[in-house]
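Student: This structure is in structure tokens; I'll ask about it shortly.
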Amino acid sequence: MSFYFVQFVTGLASASSLFLVASGLSIIFGVTRVVNFAHGAFYMLGAYIGYTLIDRLGAGVGFWPAIGLSAFAVAAIGTLIEMLLLRRIYDAPELFQLLATFAVALVVEDLALLIWGPSDLLGPRAPGFKGAIDLLGQPFPTYDLLLIALAPLVLALIWLIFRRTTWGVLVRAATQDREMVAALGVNQKWLFTSVFALGVFLAGLGGALELPRQAANHTMDLQVITEALVVVVIGGLGSVPGTFLAAIIVSELNAFGILVFPKISIVLVFLVMAIVLIVRPWGLLGRAEAAARTASGAIISRWRPFGAPGRIAAALAVAFAALLPIAAGNYFVGVATEVLIFMLYAASLHFLLAGGGLASFGHAAYFGLGSYGAAIALKSFGLGMETAIVAGIVLGLVGALVFGWFCVRLSGVYFAMLTLAFAQIAWSIAYQWTDVTGGDNGIIGVWPSAWAASPARFYWLTLALSAGSIALLRAITFSPFGYALRALRDSTLRAETIGIERRRVQWMGFVIAGGFAALAGALYAFLKGSVFPDNISISLSIDGLVMVLLGGVGTVSGGVVGAAIYRSLSIWVISHTDYSRLVLGALIIVLVVMFPKGLVGAFEAWRSARTGARLQGQSP
Amino acid sequence: MRTFSTVISSVFLAVLFATAGPAVADDTIKIGEINSYSAIPSFTEPYRKGWQLALDEINAAGGVDGKKLEVISKDDGGKPADAVTAANELVASDGVQMLAGTFFSNIGLAVSDYAKQKKIFFLAAEPLTDAITLSKGNRYTFRLRPGTYEQAAMLADEAAKLPAKKWATIAPNYEYGQSAVAAFKKLLSAKRPDIQWVGEQWPPQGKIDAGAVAEAIAKTEPDAIFNVTFGGDLVKLVREGETRGLFKDRAVVSVLAGEPEYLDPLKDETPVGWIVTGYPWNAVTIPDHAAFLKAYQAKYNDYPRLGSVVGYAMLKSAAAILAKAKSTDSEKLVEAAEGIRVDTPFGPITFRAIDHQSTLGAFVGKTALKDGKGVMVDVTYHDGAAYLPSDADVKAQRPQN
């Protein structure tokens, strides 16, 4: 019996440490609607700055002041980033802030490496909390008890601040109705800045408080970010008590789950999230999202298919691209093939995100299923490349049919997180089912058939399939189905009123996007000659979002351009610099600030402004 | 829209094209090196210093066959697909004559399969998976470091001498952890049929919930623990385990924990008396090592990590193979590498013809505390040759052609 009690309390300690970092994310998320991807980076900075400060101030008396100071230092950095970067893009389309915070996370990773060096840094244990006490006959770390006490205290403080101060009232008002608060003369800018600062402060504090438990290291940010995000969503957006509850549930399930299934940790949080979201679409303590007012006053530019000049230009571009292998060497042809594959992948996500207004955080699932379907068909069933590619598409479609059925029952961020949960479940299956997928060692020897084996021929095959698919996606966008999908995006209520069945249309859209992503994945498998769980990873899903957002969500197929630029850039940067994340992150930040509508969005705005000016000049 | 995209991509391709290196000069031999510099800097930074030192020494001594050796180094970001892109750039664009490097097992396998497909010589430095020389082995791939099986075998020898009868295992939940546990269990049970395996924990790599894992293992009341976690997970496990009394009166056998990369961060909290594989850089008595240590410290004003030795020995091996082949033709390089003897800081090693595995060994010893730092004591060098699979085993597992 005492063992189970100790295990329970141990779970509470993990829950507390998770809650401390997730609470900040929850606050930022709930108020500003920013998916702060840099939250993990701030957590890591908290640990590193804490380490340095403890080193300077001394491990005895200096320890606790150092922890507090590092949280303030991180909050200051966060405030600066909010004022210089995020403030410029609050008006940009939904999720665009994710791109900016993603870039910040990249930059911080390399800066931490430059400042603190490559080795893990182990700080001292907390003075006064170094040892263990006797808990029902078992030694239990006193520091864990401190964390268990701290988490409810932080929860109570947050609750008091938001419920009992004027500032808190204003923030809650802004959460519910930004325009109204602005109309009442409240300076939203400072409201958002202070909320962001508070959230980042908690991230820094959470990181610094980890020092007595683990060494400051370069993977801390990635370890924590998805888990924190998942906990926030399970709890319900904007509900800090919900986050607290979710942290406890996840940690306790893990503490006891590993007794029965020692391998469960790798997928547990995502399983819990999937189940919770299916049963309670707005998380444990969350409420239905208020209908956004984006449509009111915002100018939605009408999408048009290419006219004759556009079609000719597109055909010429493809013809021009087809000439590339004559001029370029094998390496460049290989890179161009990869860029084409990512253009198709981005186009499929773009179709879902821009056309359907459905932000998938787990689009890599279908890319990866396409890769695995093709690789398994080739290696385990001995099918040829051509059939294997079809097999990949089929597997991707099946995955999208099954996962999509559940996902379209939700909307907004909850939809996004459920797609993420399914992607992570697919990832963990690929990672664990060694007999079929080869586990993390993957499947190797996935090379094209002899007729397509030369880099130039595989390039032409990819060009034909990618260009054809992108043209097909555009055709679907401008078909009656595409109009129905867009109608649901712009106003679900009105679209349903005129008889468009939301779930069925969005489900179909999801499956179409999944199928094209699977084709991209199957081609990718043959380009690389191997398939790994990486093909389903969160980072690939995020890459997809980055490409689409960079191109511009307000455009018909800006994601294609975003993909071409982002992929070429990242291949070039990783090949030519030692600090690829720093360079890439800085470049994205510059692009984000310069083109808040995305690159193609900015191009279109510039063109329509020019046409508009010319038309005005012509009018009498 | 697509017009715009093509213009952009063409511009980028043009940029790529323009920045491509000049044609191969006849008086240099180029080696393409790939590693996870940004993903696991704690290992790869010392590793880079290691091969750079070897490169300086080789070129100062006149290069290989009178030709200067040049290393073109690429980061793979810890992703197999990006490693293949890098390999393709090195081979198709930079015109390197051989590939070398890699850290993670899956990246090593991806590059080795690329090498097989493109018929280019590949010297894998670090990846520990046994598949790279056995089940997925190929003609063009050679591996320097002792693999998972060998390290587990060295430790199983020591573990068999312990009185412990009830064992539990803690390993990261991926191929490396799984193979290490499987090999250790098999070998130890063969030597000691009286042993019982009472518990196992498989935390995700990099995300161990150390308190819960420690309690779960303690509950099974083992006499001894076999640990495979390393890096950040090891630190967490040691802290939680020490505080919770998990390691009290229990023997612990731990793979890689004696490597400076993983031992040094533990500082004065290094657990005492663990049986580990590793690299006690200040206690090695092999003569070749003294020269290496002196040169390394003179150049970098820092002590070498295991990564430094791997990087150094990798480039020395590459140079020896190139010198023996007197050619940069892949087939000739393979023939030269099979059975070649190379001097390394751990003494002479041989690359076996049968499975392309080198006989580089590892140090086994016990952890101890000295002046507030973790060190290894009672150290013995275990030659890899003694722990490699038999010819019959290799023939059964490695594809023969």
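Student: Considering only the other residues whose Cβ falls under 12 Å of the Cβ of residue B:160, what net charge follows from Lys and Arg at +1 and Asp and Glu at -1?
Tutor: +1
Student: Within 15 Å, Cβ to Cβ, of residue A:192, how many net charges do the neighbouring residues add up to if Lys/Arg are +1 and Asp/Glu are -1?
Tutor: After counting each charged neighbour, the total is +2.
Student: Per residue of B:219-227, how many C-beta atoms from partner chains lie within 10 Å of its own C-beta, taken as a mean?
Tutor: 1
Student: Ok, one more. Indicate the gyration tensor shape class of segment B:177-233 (rounded, prolate or oblate), computed on the Cα atoms with a ≥ b ≥ c the square roots of the eigenvalues: a/c under 1.5 is rounded; otherwise a/b larger than b/c is prolate and the rest oblate.
Tutor: oblate
Student: Pairing the Cα long axis of helix B:306-325 with the longest principal axis of chain B, what angle in degrees results, from 0 to 90 and rounded to the nearest 10?
Tutor: 40
Student: Quick one: A:548, A:592, fewest Cβ neighbours within 10 Å first, how do they rank?
Tutor: With the fewest neighbours first, A:548, A:592 line up as A:592, A:548.
Student: Here's something else I'd like to know. What angle, in degrees between 0 and 90 and rounded to the nearest 10, separates the Cα long axis of helix A:240-260 from the longest principal axis of the Cα atoms of chain A?
Tutor: 90
Student: State the answer as a single residue: which of A:353, B:394, A:395 lies farthest towards the positive end of the charge dipole of the protein assembly as shown, with beta carbon charges of +1 for Lys and Arg and -1 for Asp and Glu, about the Cα centre.
Tutor: Checking the options against the dipole of the protein assembly as shown, the answer is A:353.
Student: Just how many % of Cα pairs in segment A:316-608 lie over 30 Å apart, if you round to the nearest whole percent?
Tutor: The answer is 29 percent, as a whole percent.
Student: Place +1 on the Cβ of every Lys and Arg and -1 on the Cβ of every Asp and Glu in the protein assembly as shown, take the dipole about the Cα centre, and give the residue among A:193, A:113, B:108 whose Cα lies farthest towards its positive end.
Tutor: The residue sitting farthest along the positive end of the dipole is A:193.
Student: Looking at this model, which pairs from B:219/B:373; B:165/B:248; A:263/B:186; B:299/B:326; A:263/B:219; B:165/B:370 are more than 22 angstrom apart at the alpha-carbon?
Tutor: Violating the 22 Å limit, Cα to Cα: B:219/B:373; B:299/B:326; B:165/B:370.
Student: Okay, next question. Order these by the 10 Å Cβ neighbour count, fewest first: A:577, A:10.
Tutor: Ordered from fewest to most neighbouring Cβ atoms within 10 Å, A:577, A:10 come out as A:577, A:10.
Student: Can you give the mean number of other chain Cβ atoms that lie within 10 Å of the Cβ atoms in peptide A:565-576?
Tutor: Counting Cβ atoms of other protein chains within 10 Å of each residue's Cβ and averaging gives 5.
Student: Here is a follow-up. Taking Cα atoms, how many degrees apart are the long axis of helix A:502-528 and the longest axis of chain A, rounded to 10 and kept between 0 and 90?
Tutor: The angle comes out at about 80 degrees.
Student: With +1 assigned to the C-beta of every Lys and Arg and -1 to the C-beta of every Asp and Glu, and no other charges, what is the dipole magnitude of the protein assembly as shown about the Cα centre in debye, to the nearest 20?
Tutor: The dipole magnitude comes to about 2620 debye.
Student: Let me ask you something else. Please label the shape of segment A:209-278 as rounded, prolate or oblate, based on the square roots a ≥ b ≥ c of the eigenvalues of the alpha-carbon gyration tensor (a/c under 1.5 means rounded; beyond that, a/b larger than b/c means prolate, else oblate).
Tutor: oblate
Student: Given a Förster distance of 60 Å, report the FRET efficiency between residue B:56 and residue B:196 from their Cβ-Cβ distance, rounded to the nearest 0.05.
Tutor: That gives a FRET efficiency of 0.70.
Student: Summarise the partner chain shielding of A:265-271 as one whole number: the mean count of Cβ atoms from other chains within 10 Å of each residue's Cβ.
Tutor: 3
Student: Here's a follow-up. Under a Cβ-only charge scheme (Lys and Arg +1, Asp and Glu -1), can you give me the dipole magnitude of segment B:352-401 about the Cα centre, in debye to the nearest 20?
Tutor: Dipole about the Cα centre, nearest 20: 120 debye.
Student: Arranged by the count of other C-beta atoms within 10 angstrom, fewest first, what order do A:591, A:95 take?
Tutor: If I rank by nearby Cβ atoms, fewest first, I get A:95, A:591.
Student: Right, next: Would you mind telling me the antiparallel percentage of the DSSP bridges in chain B, rounded to 5?
Tutor: Around 35 percent of the beta bridges assigned by DSSP in chain B are antiparallel ones.
Student: Just report the Cα centroid separation between segment A:43-116 and segment A:129-189, whole Å.
Tutor: Taking the Cα centre of each part, segment A:43-116 and segment A:129-189 sit 19 Å apart.
Student: Taking only the Cα atoms of chain A, how large is their convex hull per residue, in Å³?
Tutor: That works out to 174 Å³ per residue.
Student: What does the charge add up to near residue B:136, with Lys and Arg as +1, Asp and Glu as -1, over the other residues with Cβ less than 10 Å from its Cβ?
Tutor: Every neighbour counted, the sum reads 0.
Student: Next question, about the same structure. Put +1 on the Cβ of every Lys and Arg and -1 on every Asp and Glu Cβ in the protein assembly as shown; which of A:133, B:238, A:590 then has its Cα farthest towards the positive end of the dipole?
Tutor: A:590
Student: Still on this structure, I have one more. Run down the lysines and flag those whose C-alpha is under 21 Å from the C-alpha of residue A:189, throwing out any fewer than 8 positions away in its chain.
Tutor: A:597
Student: Here's something else I'd like to know. Quick one: of A:379/B:116; B:161/B:294; B:119/B:395; B:30/B:116; B:49/B:185; B:49/B:119, which pairs are farther than 25 Å apart, Cα to Cα?
Tutor: Violating the 25 Å limit, Cα to Cα: B:161/B:294; B:49/B:185; B:49/B:119.
Student: Ranking request for peptides A:604-610, A:124-130: highest mean number of other beta-carbon atoms within 10 Å first, then the rest in descending order.
Tutor: A:124-130, A:604-610
Rule-based calculations on the coordinates, nothing more; no lab input. Just so it is clear, the structure is predicted and the values come from calculations on it, not from any experiment. So basically every Cβ, Gly included, is an ideal-geometry build from the backbone, and we count neighbours across all protein chains shown.
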